[in-house]
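**Q** The structure is given below, and queries will be raised subsequently.
We did not get these values from a lab; they are worked out from the coordinates using the rules stated. Source: prediction; values computed, not measured. FYI the Cβ positions are ideal-geometry reconstructions off the backbone, even for glycines, and counts take in every protein chain you see.
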């Protein structure tokens, strides 16, 4: 887990997202009062029931516009203009959407993708970073065979290749949007191990958007639970939260996870040690070292 003194990569205070304007579409609040600090080397879970606005929230956090939505915040770190935020986002943040591996064209080679993602002047470093990431994720064959087509790899290898390609840049923050969607329990645990490996080897920060307790348990350092337009901190270790729904969700999910663990085994070896790590309190806010 990132120590309290680890560098702050991103922070936002009093984020609000509203939808609808005018009498034909009455305004409603999707989420309000979001405050968080994201430090290097930590995993933050963004939790809540389906349809509560998790995807809208993370997009608003990083300045990605959505039609028909009004976004406001009191402050954001880094403090940049809209154009500056876009440049920072392109260089520092990687977004991995649901089923990212299925978006890869099996007819293209790994080097084809690197050529599409990076300028010619950046290609040499990108290839080296891809090889490093592929090796860290157990894909030594991929790192040494950039001419191979995506379709020649297995499904599990393709999932890791999709992540390695996104690590070929100089990203410092990774956003995973429902990373366990459509995965069975055992495959989701393998994906969870990949995330823990990436954090360990590259020191990135991860925002994991999910409603799947099995995936974030033992992986996330702390959590933000969205409920009916409000955002409440949830201590995944102690179960403490001002939100009764969040406390109930955690209790029921932990009980269910115990049943799964007895049936399938205890899960990820890499992620398990993170269970002993006490989450950093979000109430610390943005302190002097964030400015």
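**Q** Using 0.36 nm per residue of separation minus the Cα-Cα distance, give me the extension gain between residue 97 and residue 66 in nm, one decimal.
**A** Answer, rounded to one decimal: 9.6 nm.
**Q** Please compute the alpha carbon radius of gyration of segment 86-145, then divide it by the globular-protein estimate 2.2 N^0.38 Å. Two decimals is fine.
**A** So segment 86-145 has a normalised radius of gyration of 1.20.
**Q** Can you tell me which of 213, 225, 113 moves the most in a GNM of the chain? Springs connect C-alpha atoms under 10 Å apart.
**A** 113
**Q** So, one more: Pick out which of 169, 218, 258 has the largest mean-square fluctuation in a Gaussian network model of the chain, springs linking Cα atoms closer than 10 Å.
**A** Maximum fluctuation in the GNM of the chain, among the listed residues, is at 258.
**Q** With the chain treated as a Gaussian network of Cα nodes joined by springs under 10 Å, which of 67, 78, 179 yields the largest mean-square fluctuation?
**A** 67
**Q** Can you give me the relative contact order of segment 174-263 as a percent, contacts being Cα pairs under 8 Å and 6 or more apart? Could you put the intermediate results ahead of the total?
**A** On the way: 88 pairs, mean separation 19.7, N = 90.
Contact order relative to length: 22 percent.
**Q** Also, quick follow-up: Over segment 79-226, with a single point scatterer placed on each C-alpha, what log10 of the ratio I(q)/I(0) does the Debye formula yield at q = 0.14, 0.15 1/Å?
**A** The calculated log intensity ratios at q = 0.14, 0.15 Å⁻¹ are -0.69, -0.79.
**Q** Go ahead and collect, in residue order, the members of segment 51-70 whose backbone nitrogen is under 18 Å from a label point 7 Å along the Cα-Cβ direction of residue 88.
**A** Under 18 Å, as judged by backbone N against the label point of residue 88, lie 58-65 of segment 51-70.
**Q** Where both residues lie in the chain, what percent of DSSP beta bridges are antiparallel, nearest 5?
**A** Of the beta bridges lying entirely in the chain, close to 55 percent run antiparallel.
**Q** Give the share of C-alpha pairs in each 5 angstrom bin for segment 1-147, from 0 to the last occupied bin, in whole percents, shortest bins first.
**A** Histogram of Cα-Cα distances, whole percents per bin: 2, 7, 12, 16, 16, 14, 13, 10, 5, 2, 1, 0, 0.
**Q** Follow-up. Provide the FRET efficiency to the nearest 0.05 for the residue 202-residue 238 pair, computing r from the beta carbons and using R0 = 22 Å.
**A** 0.15
**Q** Still on this structure, please answer the following. Can you give the calculated 222 nm mean residue ellipticity of the chain, where each DSSP H run of n ≥ 4 adds -39,500 (n - 2.57) and the sum is split over every residue, rounded to the nearest 500 deg cm²/dmol?
**A** -10500 deg cm²/dmol
**Q** In percent, what relative contact order does the chain have, based on Cα pairs under 8 Å that are 6 or more apart in sequence?
**A** On the way: 507 pairs, mean separation 72.9, N = 291.
Relative CO of the chain lands at 25 percent.
**Q** Then there's this: Could you compute the FRET efficiency for residue 115 and residue 141, with r as their C-beta to C-beta distance and R0 at 22 Å, rounded to 0.05?
**A** Step by step, r from the Cβ atoms, then E = 0.65.
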